[in-house]
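Participant: One structure follows; several queries about it will come next.
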Amino acid sequence: MLHEDIHESMLVDTEALRDLLSPYSTETIAGMCSSKLMSWFSTWDEVSPLISPTRQVFFLLGLMLSTEEPAEPQMFGDLEFQKAVVLLNDIFQAYAVMYWPSPEEEPQITDDWRHVREVSMPAFLHYFNTTLMASVEQIIKRVERYLAPFDSEFEEIAGLSATEALEITRWITKTFEQGVIEMQDAARQEYEARLRFLERTEAETWSIERMRKEASQGEYYAHGQRMMKALNDFLKVDKKVLVSEFGEEPANAYWTLFVSERGDSPEFTYMTEHNAAEEKPLFTVNDGSRALCPFANSLYAAVLLNYENMIQDSSFRDRFFRRRDRELEQEVEETFGKLFTEGAEFHPHVFETQDLQHEHDLVIIADGALLIIEAKASPPVEPFRDPDKAFERISRRFRSDRGIQGGYGQAMRILGRLLAGESVSLYDENRREAASISPADLDRCYAICVTRDDFGPISVDLSLLLTKSANEPYPWAINILDLNYLIDAWTYLDLGPDQLYAYLDSRLDLHGRIIAFDELDLAGAFLQHAGLEMIPRSEGSRTYFSETYSDVFDKIYDAQRGGPEFKLTTTEPVLVDVKEKLKELSMEQG
């Protein structure tokens, strides 16, 4: 199929989805989405039928907001949602298909053509398909750490500081939690009252008229009304209550920032466009005085998204970026400090020369191990839909001083000298020698680049873009959120630095031999299979790592916060060579 035909088909599917949503009420569409998201994310057994559940559900909600509230709204049910799932998957798959060669391109395919798409396709899909992979706790910490210091500036721009927005969001989600408890208790009492009601009807042989009369008054009626009210209030925010709790100006500012009204959103068609459902995830219902939130966690993500967006054209933009860099460096030091608790030397902000040239963000020396860690706070750039333009933009950011290549180059200044047999002195900001490192004292050395944001596949498989000599080791690139998950899991499982070294030693040998979209998929496989040595290292082999491997970190996160205890059990892996699987599928289709 021609790319123009794929694009046209995607537009047809998008309009079909918009038409599907048009007759239905905001409350039942958002309620159905809420029910599905909670169902998928509350159990380890139920698998979502969507490719990227959260992003696709909010794409659906964004399309809903681009339509008017119907005059005579209908109920959006399971059948309608199943139809929406088919369209959503067709739409999202179309973006990937457009990266494959058209019939006209096939005769001209070159290695460069393949490489461009090997980089740009997964980077594009990761950027637009993946939501922020952070816990609510991590988002709150990010707001407090990076945004709260600029509260006075935000208040001037939006009438509400980031801290106030976070406080209101916490209050809203707390009321949602109380609503769940109220609904569960009301449902239990209604059920018990119904049983007593039925027992009386049988014992006293009531007539139909008596049953109707008793059902419309008394104990059962009261419990039924309480349950209906709990259902009607579930996941809803009343603006009047918000005003009484926080005052008119903060409440109005919050309402403006985070509440959407159906039909008021700009035209919305592509997943690459700004989505009002993600930026304002509270949707007005009834007369507009109340708003429904289909997924409470999305409110925290919206606080981070909206306030970071305010920075782009602000007068304090440069000040924010400078502070952002410093805060990431501090966060990296704190995170590694949770694992290296005894005997390790931490040297933040050190230089290779006494006149303060060639800075390094953090150097850790621990029992014969050297970790040179560079922190990079610049986010990935938004890729273009055109593969060649996307490749240029992605690779330019990756290879810049602010990118992963830049961090690797910094770390290799020390590693290169040590590999050449040279001792290295490091100096602090006061020009005093902080450390003297001799290669004779080292058993292992690692170059590590920690990014603030998630770069997805191009950081997991550095062979895609990293430039290095054949005899130079690969670095480890990981984003700070994943690093926090990994270090927390290591401490929960009572693993130490030696197990981290074992992971890095086996993991860094896999660049160019894997297909994975998240570092935690590989780390989860390492834990589940007690190593990665079983992965084929033969030339040209590619092993796929399932995203389910990262589930171990979610389970540990829950256990650390009062959930079920997690016990690690190791299993033998089932390996899938991607090339062999594709050949097999090709033969079946032939």
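Participant: Return the long-range amide H neighbours of L362 (sequence gap of 5 or more, or a different chain), with a cut-off of under 5 Å between placed amide H atoms.
Facilitator: H349, I373
Participant: Same structure again: Scaled to the compact-protein estimate 2.2 N^0.38 Å, what is the alpha-carbon radius of gyration of region 43-164, rounded to two decimal places? Before the final figure, lay out each step's value.
Facilitator: Values: Rg = 20.9 Å, N = 122, 2.2 N^0.38 = 13.7 Å.
The reported ratio for this selection is 1.53.
Participant: What are the aspartates and glutamates whose alpha-carbon lies under 12 Å from the alpha-carbon of K141, with same-chain residues fewer than 8 places away excluded?
Facilitator: E327, E331
Participant: For region 145-224, run through the GluC sites (Glu not before Pro) and keep only the ones in DSSP coil with at most 11 other Cβ atoms within 10 Å of their Cβ.
Facilitator: Details: sites: E153, E155, E156, E164, E167, E177, E182, E190, E192, E199, E202, E204, E209, E214, E219; in loops: E204.
The qualifying sites are E204.
Participant: Still on this model: Can you return the lysines within cross-link range of K229? Criterion is Cα-Cα under 28 Å, with same-chain partners fewer than 8 residues away left out.
Facilitator: Correct list for K229: K36, K174, K213, K239, K240, K280.
Participant: Shifting gears a bit: In sequence order, what are the phi-derived ³J(HN,Hα) couplings for region 381-397 according to the Karplus relation 6.51 cos²θ - 1.76 cosθ + 1.60 with θ = phi - 60°, rounded to whole Hz, with x for glycine and proline?
Facilitator: Karplus values, whole Hz, x for Gly and Pro: 7, 6, x, 6, 6, 6, x, 5, 5, 4, 4, 4, 5, 5, 5, 4, 5.
Participant: Determine ³J(HN,Hα), in whole Hz, for all residues of region 462-471 in sequence, where each value follows from phi through the Karplus function 6.51 cos²θ - 1.76 cosθ + 1.60 and θ = phi - 60°; x replaces Gly and Pro.
Facilitator: 6, 5, 5, 9, 5, 9, 7, 6, 4, 8
Participant: When the Karplus curve 6.51 cos²θ - 1.76 cosθ + 1.60 is applied with θ = phi - 60°, which whole-Hz ³J(HN,Hα) does each residue of region 117-128 get, with x for Gly and Pro?
Facilitator: 7, 4, 8, 6, 5, x, 5, 5, 5, 5, 4, 9
Participant: Percent relative contact order of region 378-418, based on C-alpha pairs within less than 8 angstrom and at least six residues apart?
Facilitator: With pairs under 8 Å counted, the relative contact order is 25 percent.
Participant: I would also like to ask the following. I need the P(r) histogram for the chain: all alpha carbon pairs, bin width 10 Å from 0 out to the longest distance, whole percents.
Facilitator: P(r) over the chain, rounded to whole percents: 3, 14, 23, 24, 18, 10, 5, 2, 1, 0.
Participant: List, largest first, the extents of the alpha carbons of region 319-589 along their principal axes, each in whole Å.
Facilitator: Here the Cα extents, ordered largest to smallest, are 67, 48, 41 Å.
Participant: Then there is this: Compare the peptides 274-284, 67-77 by average per-residue count of other Cβ atoms within 10 angstrom and give them in order, highest first.
Facilitator: Working: 274-284: 22.1, 67-77: 13.1.
The peptides rank, most packed first, as 274-284, 67-77.
Participant: Fewest first, what order do V136, V450 take by the number of other Cβ atoms within 10 Å? Walk me through the intermediate numbers first.
Facilitator: On the way: V136 15, V450 26.
So the ranking, lowest neighbour count to highest, is V136, V450.
Participant: Would you mind putting 310-318, 376-384 in packing order, based on average other-beta-carbon counts within 10 Å, highest first? Could you put the intermediate results ahead of the total?
Facilitator: Working: 310-318: 13.3, 376-384: 19.0.
Highest mean packing first, the order is 376-384, 310-318.
Participant: Next question. Stokes-Einstein diffusion coefficient for region 136-311 at 25 °C in a medium of 0.890 mPa s, Rh from the Kirkwood formula over Cα pairs: what value in µm²/s? Before the final figure, lay out the partial values.
Facilitator: On the way: Rh = 18.7 Å.
Translational diffusion coefficient: 131 µm²/s.
Participant: Taking each pair of different alpha-carbon atoms in region 498-570 once, compute 1/r for the pair, average those values, and report the inverse of that mean as the Kirkwood hydrodynamic radius in Å to one decimal. Intermediate values should be presented prior to the final figure.
Facilitator: Details: mean 1/r = 0.0766 Å⁻¹.
Roughly 13.1 Å, rounded to one decimal.
Participant: Shape of region 9-75 from its Cα gyration tensor (a ≥ b ≥ c, root eigenvalues): rounded if a/c is under 1.5, otherwise prolate when a/b > b/c, or oblate?
Facilitator: On the way: a/c = 2.79, a/b = 1.45, b/c = 1.93.
Taking the square roots of the gyration eigenvalues as a ≥ b ≥ c, region 9-75 is oblate.
Participant: Continuing with the same structure: Average the reciprocal distances over every distinct pair of alpha-carbons in region 271-407, invert the result, and give the Kirkwood radius in Å. Walk me through the numbers before you get to the answer.
Facilitator: Working: mean 1/r = 0.0530 Å⁻¹.
Kirkwood radius, region 271-407: 18.9 Å.
Participant: Trypsin sites (Lys or Arg not before Pro) within region 479-559: which are DSSP loop residues with at most 12 other Cβ atoms inside 10 Å? Walk me through the intermediate numbers first.
Facilitator: Working: sites: R507, R513, R537, R542, K555; in loops: R513, R537, R542.
Those satisfying the criteria are R537.
Participant: If you fit an axis through the alpha-carbon atoms of helix 497-507 and take the longest principal axis of the Cα set of the chain, what angle between them do you get, 0 to 90°, nearest 10?
Facilitator: The answer is roughly 90 degrees.
Participant: Let me ask something else about it. Mind listing which GluC sites (Glu not before Pro) in region 387-496 are in a DSSP loop and have 15 or fewer other Cβ atoms within 10 Å?
Facilitator: Working: sites: E392, E422, E429, E433; in loops: E422, E429.
Counting only loop positions with at most 15 other Cβ atoms within 10 Å, the GluC sites (Glu not before Pro) in region 387-496 are E422, E429.
Participant: Quick one: which residues, 5+ away or cross-chain, put their amide H under 5 Å from the amide H of A477? H built at 1.01 Å from N.
Facilitator: Amide H neighbours of A477: C449.
Participant: Taking 37 °C and 0.692 mPa s as the conditions, I'd like the Stokes-Einstein D for region 126-219 in µm²/s, using the Kirkwood hydrodynamic radius from alpha carbon pairs. Numbers along the way, then the final one.
Facilitator: Working: Rh = 18.2 Å.
The estimated diffusion coefficient comes to 180 µm²/s.
Participant: Still on this structure, I have one more. Would you pull out the residues with amide H under 5 Å of I515's amide H, same chain only if 5 or more places away, H placed 1.01 Å from N?
Facilitator: When sequence neighbours closer than 5 places are left aside, the close amide H contacts are T543, Y544, F545.
Since every read-out is calculated from the coordinates, none of them should be taken as a lab result. Owing to the predicted nature of the structure, the values given are computational and were not obtained by experimental measurement. Positions of Cβ are backbone-derived with ideal geometry, glycine not excepted, and every protein chain shown enters the neighbour counts.
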